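The values are calculated or read from the model by the stated rules, or taken from the named source; none is laboratory data. All values reported here derive from a predicted model rather than from experimental measurement. Methodologically, a virtual Cβ is constructed for each residue, glycine included, from the backbone with ideal geometry; neighbour enumeration extends over all protein chains shown. In case anyone asks, the SASA skips ligands and DNA or RNA and just uses the protein heavy atoms, side chains included. Shrake-Rupley method; radii C 1.70, N 1.55, O 1.52, S 1.80 Å.
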Amino acid sequence: MVLLAASSWSPSSAQPFFACSSVLRAASGPASGLCVISLRRLTLRPQWHLSRRLGTSTPKCFAPNIDIDCENDAVEDSTAENPRSFSSGSLVSVHLKSDILGANPLDLSGKEADANNLFTKLHVLSKVEQDALAATPTHPTGLYALYAISLVGNLVERLWNFVWPAAVATIYPNLLPVAVLEFFTKLTVFVGGPMVGTLLDYFPRVPVYHCLNFVQTAAQLLSAGMIIYALNLVKQSSASSVLLQPWFVILVVAAAIERLAGLALGVTMERDWVVLLAGRNRPVALAQANSILGRADLFCEIAGASLFGILLSKYNSVTCLKLACGMTVFVQPVLFVLGQLINSLSHGVLDLSRSPNMKPVVTPLFDASEIVGTGLDAFRQGWKEYKHQPVLPASLAYVLLYFNVALAPGSIMTALLVHHGINPSIIGGFSGLCSIMGFAATFMSASLVKRLGILKAGAAGLMFQAFLLTLAVSVYWTGSITQQTRLLIFLSLIVVSRLGHISYDVVGTQILQMGIPPAKANLIGITEVSMASLAELLMFGVAIIANDVAHFGFLATLSVSSVAVAAAIFCQWLANPTKSQRELFQFDRGF
């Protein structure tokens, strides 16, 4: 193909850049393969000036292997020395190699329409096609493998989380050892979370996943060894003497590392991998993926509790610990293979760099000052990035829900029911119904996103939970819950409120997935988990001070107030979005 460019030079039109402006008119014959381009103005500058400008700009398009021949030798020889000698009417032929552009020339001879009309034939997706695309994952087979790895990993982790507290509680008939372990575990997550998030964002995804699995397994085995040692050999006379034993110090450290590694694995799967596999711009597919992951987690919670109950009814605590450790070691090869399978089924999408400008963090292994300095920098960077994330109100609402420790299935609610002499079958049924309701909420959240949009679905979940918990607190304050009817109403309102809680948990996760840049997903995600741990620390501190069951109404009021504040913050953000937030969720019905 030969391109002939007719040019005219006007000294008065000289500009400090190479400019080409006109509407191109193209015509070619089917046989000749000749395309003549007429330019209204072609401004040429010296070669040195052109190379300087092009070196500091970003080209929009290019064509490789282009040979340019000047038909006028005088023009070719004199242009480099004096660009103004480029005479009017000179012709420049541009030869484009056919092996680059293809052998078939563009035939426009039979077209009467203007060349601009070619662009009007671009296909625009209909509403049905857009909805179908939004519900189609980018890598569906990779998502199936992700569901499998989540199911296997969560089942073992849930079983461990049920086994170790029961085993520690049998060491001494007091809640203090378990409380100390929980306190330091949450404190470690609060302090070390941002640093771990920074490291996750700087290293490859799949190797980091395998490393975290190894660390978590090693910490679980070490913890089990210390507990078994204490159960077999140590008989302490007081709870305070238990806290001073070397094995207990090692147990605290191992438990903190295990929990930190587990949370890092959860953030990696739920905030990073699922977004890459489902598609950041596929809201319905991402909502469905989040719902399935939530169902898998709740199923593992129910199955883990049931399996633990069966084991504990037949075997002692030491045997249960050994069985839990055996299952943990057994599933490691399965998790390794599934991790590699996810990446291969998704065509290596997990190998993509989060940011091209990122450089790995290198810290001397045994340099304590460097480790502390890097940790403090990561801690500051984590909180800085968290405060400046574009979806901060949604994240704050998520964190505020963790202040609700009284009106939820947990240790405080169990203690209240036991104190009032409630039948154990009712207590067990309450916990089971809460889990089942959460399981149902994962189905409801995907439907809400499809009908209302992501943002309105989140607001609906928060308001629903706040309304029902307000009714529950009103029932508690208006009379004693020892009456069976009043007790059933009180517990039923809390059970149904789990629909709103889990719905926002799923939807809020998706909002954060879509609003946080991929390069900062792990850092901001683990920093958010750190804030949630801080919220639980504060509420458990209040519970320690107000440890009398008579003060439960005060704890319940604080809990429902935190949920109401979360709903108010989210709705305020929804009603008054910023420009950047509108652009971020421009496809959503919420804005």
Unique residue being within 17 Å of L471 (Cα to Cα), of a type outside the set (S, T, Y), within 24 Å of the chain's Cα centre (by Cα) and part of a helix (DSSP H, G or I) when the list is A567, A535 = A567
task = Tell me which residues, restricted to the stretch 304-326, are open to solvent by less than 60 Å² (accessible area, probe 1.4 Å) and modelled with pLDDT of 80 or more.
result = V318, T319, C320, L321, A324, C325, G326
task = For the stretch 259-303, name all the residues that are among the aromatic types (F, W, Y) and surrounded by fewer than 21 Cβ atoms within 10 Å (Cβ to Cβ).
result = F299
request  = Keeping to the stretch 486-502, report how many residues are open to solvent by 10 Å² or more (accessible area, probe 1.4 Å) and either among the charged types (D, E, K, R) or under 30 Å from P390 (Cα atoms) (or both).
outcome  = 5
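On the basis of being touching a helix residue (DSSP H, G or I) at 6+ places or on another chain (Cβ under 6 Å) and modelled with pLDDT of 70 or more, does P177 make the cut?
Values: touching a helix residue (DSSP H, G or I) at 6+ places or on another chain (Cβ under 6 Å): yes; modelled with pLDDT of 70 or more: yes.
Yes: the conditions hold for P177.
Restricting to the stretch 291-317, count the residues that are among the small types (G, A, S) and over 14 Å from V163 (Cβ atoms).
Filtering the stretch 291-317 for residues among the small types (G, A, S) gives 291, 294, 296, 303-306, 309, 313, 317.
The next check asks that each one be over 14 Å from V163 (Cβ atoms); those that pass are 291, 294, 296.
Here the count works out to 3.
Residues checked against (1) open to solvent by 10 Å² or more (accessible area, probe 1.4 Å); (2) more than 20 Å from M539 (Cβ to Cβ); (3) touching a residue at least 12 places away in the same chain (Cβ under 8 Å); (4) charged (D, E, K, R):
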| position | (1), (2), (3), (4) |
| --- | --- |
| Q381 | yes, yes, yes, no |
| V391 | no, yes, yes, no |
| Y398 | yes, no, yes, no |
| S411 | yes, no, no, no |
| K450 | yes, yes, yes, yes |
| Q465 | no, no, yes, no |
| L469 | no, no, yes, no |
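Yes or no: S562 of a type in the set (S, T, N, Q), buried (at least 18 other Cβ atoms within 10 Å of the Cβ), at pLDDT below 85 and part of a helix (DSSP H, G or I)?
On the way: of a type in the set (S, T, N, Q): yes; buried (at least 18 other Cβ atoms within 10 Å of the Cβ): yes; at pLDDT below 85: no; part of a helix (DSSP H, G or I): yes.
Answer is no for this residue.
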inquiry  = Is it the case, given these coordinates, that Q483 is open to solvent by less than 80 Å² (accessible area, probe 1.4 Å) and under 23 Å from L555 (Cβ atoms)?
reply    = no
task = Scan the stretch 135-180 for residues that are part of a helix (DSSP H, G or I), within 23 Å of V249 (Cα to Cα) and in contact with a Pro (Cβ under 8 Å, 6 or more places away or on another chain) and report the count.
result = 3
request  = State whether one or more residues within the stretch 201-209 are open to solvent by 10 Å² or more (accessible area, probe 1.4 Å), acidic (D, E) and assigned to a helix (DSSP H, G or I).
outcome  = no
note = Among (1) open to solvent by less than 30 Å² (accessible area, probe 1.4 Å); (2) in contact (Cβ under 8 Å) with a residue 12 or more places away in the chain, V549 falls short only on (1)
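Yes or no, residue by residue, for (1) at pLDDT 50 or above; (2) touching a Gly at 6+ places or on another chain (Cβ under 8 Å); (3) closer than 30 Å to G294 by Cβ; (4) open to solvent by 40 Å² or more (accessible area, probe 1.4 Å):
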position	(1), (2), (3), (4)
A103	no, no, no, yes
L106	no, no, no, yes
L118	no, no, no, yes
L122	yes, no, no, yes
V128	yes, no, yes, yes
G142	yes, no, yes, no
L155	yes, yes, yes, yes
Selection status of F540, among the aromatic types (F, W, Y), modelled with pLDDT under 80 and more than 23 Å from the chain's Cα centre (by Cα) = yes
key: Hits in the stretch 161-184 (condition: open to solvent by less than 10 Å² (accessible area, probe 1.4 Å) and closer than 24 Å to L534 by Cα)   = V168, P177, L181
request  = Filter the stretch 210-235 down to residues that are closer than 14 Å to A167 by Cβ and not aliphatic (A, V, I, L, M) and give me whichever is surrounded by the fewest Cβ atoms within 10 Å (Cβ to Cβ).
outcome  = N232
